[in-house]
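The values are calculated or read from the model by the stated rules, or taken from the named source; none is laboratory data. Note that this is a predicted model, so its numbers are computed, not measured. FYI the Cβ positions are ideal-geometry reconstructions off the backbone, even for glycines, and counts take in every protein chain you see. Quick note on the areas: whole protein, heavy atoms, side chains included, nothing else; ligands and nucleic acids left out. Shrake-Rupley method; radii C 1.70, N 1.55, O 1.52, S 1.80 Å.
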Amino acid sequence: MQSIWEKNAQLPTFEPLRREIRADALVIGGGLTGLLCAHELTQAGLRCVVAEAGHICGGVTKNTTAKLTVQHGLVFHKLLRRFGTERARAYLDANWAALNRIRALCQDIPCDFEEKPNYVYSLDDPRELERELAALDKLGRPAALAKDLPLPFPVAGAVRFDRQAQFHPLKFAATIAEKLPIFEHTRVLEVEPGRAVTEHGTIKAEHIVVATHFPFLNKFGAYWLKLYQSRSYVLALEGAPKLGGMYVDASGKGLSFRNYDNMLLLGGGGHRTGKPGSGWAGLEDFARRHYPDARPTARWAAQDCMSLDGAPYIGRYGRNTPGLYAASGFNKWGMTGAMLAAELLTDLVLGRENPYQALFDPNRTILRPQLAANALEAAVHLLAPTAPRCPHMGCALKYNALEHTWDCPCHGSRFTEDGTVLDGPANGNKKMRPVKKDAAHRF
């Protein structure tokens, strides 16, 4: 299982840390968020280093569909209701600024950057499209109603945003990484004020950014309550039509579409990590019915951190953690989210005011309906008497027969059959004893 991005991009490699070093800022995590944070901090004049537990972009970045858009579903009428006009506009403006910053960077980076319109379509509810258009009009951003889409099924219509984009995420990341001081195979084991301890060395830095997808430090921030993880699946098809844009279902449970080169990237099948899902079977069935002449050439899965209220957590890690920051909860929109995080955190590190700080503050209210669902999942799987257990917080792991992994339904950590960690927040491998994969353990 390898994404198309991995097949045609060459990432630079870096040596592990084997000594004590000093820097102004340390970024933990070498995915796109971490690399962009380090890039922006370096551009601002700080001595910044990156510590990556494995290879850069070896986690979720390589599995994205790489859409660059401010249109994160039909979210703006919800944000108006949830946050009010000022903060809803801030969400929109912050993502526009992030998109434009990436657009500017891509002028000097060969990464297959293409401007495309983005469409959020509804299968059967034109009223939700009208509500979204009214919200966008109130927020002062242009959008249009589209009726005739080149999709192989009828829709009620779509909200269209122009001047959105798509790119090759690993070609982009490779260029960003080349000029950064990065240590690969350097897992951070412990974080103290001004200091991070790795397996073979220590990094002293006044500012530490945790950009590990799901924050792995449990002592602060209660991210284990504020976040859950979702898996979704992608099929690359040769011989499918060119659609001329990027498309995503408004419900979040349907299909997404975008072209790259001579392929159509078909995405969908989302479900909470550690729970049952259709995987690639549903996508393959759809392709057989609607694109009978197309041929699958690659398939892969993505994993996303979902916040309580639909906005990412970017800012001070906990209420009382000066010098320690986090970036997570991008709700499936990590490309613009990564750039947004880099710019906001750079301002915080430098002590500058940022107009979006309050909206994305990780320490804002957690009194949202999703909190109860997250707490219930954690309680159920903490109390389940089965083994093996996740080393993050002790939840019972479930065997994923589709991907041959052990997955945590509480917080989304994933392990190979022999216990090698694939996805955090678990911060290390697990010793696995042979376990019978019966109905109590599998999904």
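Hey, can you tell me all the residues within segment 205-229 that are open to solvent by 10 Å² or more (accessible area, probe 1.4 Å), touching a Gly at 6+ places or on another chain (Cβ under 9 Å) and not in a loop (DSSP other than H, G, I, E, B)?
Glu206, His207, Tyr228
I need the full set of residues from segment 253-288 which are open to solvent by 50 Å² or more (accessible area, probe 1.4 Å) and part of a loop (DSSP other than H, G, I, E, B), in order please.
Lys253, Asp261, Asn262, Lys275, Pro276, Ser278
Among the residues of segment 7-24, write down those that are open to solvent by less than 50 Å² (accessible area, probe 1.4 Å) and either part of a loop (DSSP other than H, G, I, E, B) or within 21 Å of Val60 (Cα to Cα) (or both).
Ala9, Leu11, Pro12, Phe14, Pro16, Leu17
Specify which of the listed residues (Leu235, Leu170) is touching a strand residue (DSSP E or B) at 6+ places or on another chain (Cβ under 9 Å) and either open to solvent by less than 10 Å² (accessible area, probe 1.4 Å) or of a type in the set (Ser, Thr, Tyr) (or both). If you could, list the steps in order and put the result at the bottom.
On the way: Leu170 fails: touching a strand residue (DSSP E or B) at 6+ places or on another chain (Cβ under 9 Å).
The conditions single out Leu235.
Determine which member of the set Gly329, Gly323, Gly318, Gly351 is open to solvent by less than 30 Å² (accessible area, probe 1.4 Å) and either closer than 30 Å to Glu238 by Cβ or more than 23 Å from the chain's Cα centre (by Cα) (or both).
Only one candidate qualifies: Gly323.
Looking at Gly30, Gly34, Gly58, which one is part of a loop (DSSP other than H, G, I, E, B), out of contact with any Pro (no Cβ under 6 Å at 6 or more places or on another chain), closer than 15 Å to Pro181 by Cα and among the small types (Gly, Ala, Ser)? If you could, list the steps in order and put the result at the bottom.
Working: Gly34 fails: part of a loop (DSSP other than H, G, I, E, B); Gly58 fails: closer than 15 Å to Pro181 by Cα.
None of the other options fit; the residue is Gly30.
When you check Leu145 against the structure, is it in contact (Cβ under 8 Å) with a residue 24 or more places away in the chain and either in contact with a Lys or Arg (Cβ under 8 Å, 6 or more places away or on another chain) or under 23 Å from Tyr233 (Cα atoms) (or both), yes or no? Steps first, answer last, please.
Values: in contact (Cβ under 8 Å) with a residue 24 or more places away in the chain: no; either in contact with a Lys or Arg (Cβ under 8 Å, 6 or more places away or on another chain) or under 23 Å from Tyr233 (Cα atoms) (or both): yes.
So Leu145 fails the test.
Going through segment 6-47 one residue at a time, which ones are charged (D, E, K, R) and in contact with a His (Cβ under 6 Å, 6 or more places away or on another chain)?
Residues of segment 6-47 that are charged (D, E, K, R), as a first pass: 6-7, 15, 18-20, 22, 24, 40, 47.
Arg18, the sole residue that qualifies.
Go through segment 95-142 residue by residue and tally those that are out of contact with any Lys or Arg (no Cβ under 7 Å at 6 or more places or on another chain), of a type in the set (D, E, K, R) and open to solvent by 70 Å² or more (accessible area, probe 1.4 Å).
Total meeting the criteria: 9.
For segment 63-103, give me each residue that is closer than 22 Å to Leu133 by Cβ, part of a helix (DSSP H, G or I) and hydrophobic (A, V, I, L, M, F, W, C).
Phe76, Leu79, Leu80, Phe83, Ala88, Ala90, Leu92, Ala94, Trp96, Leu99
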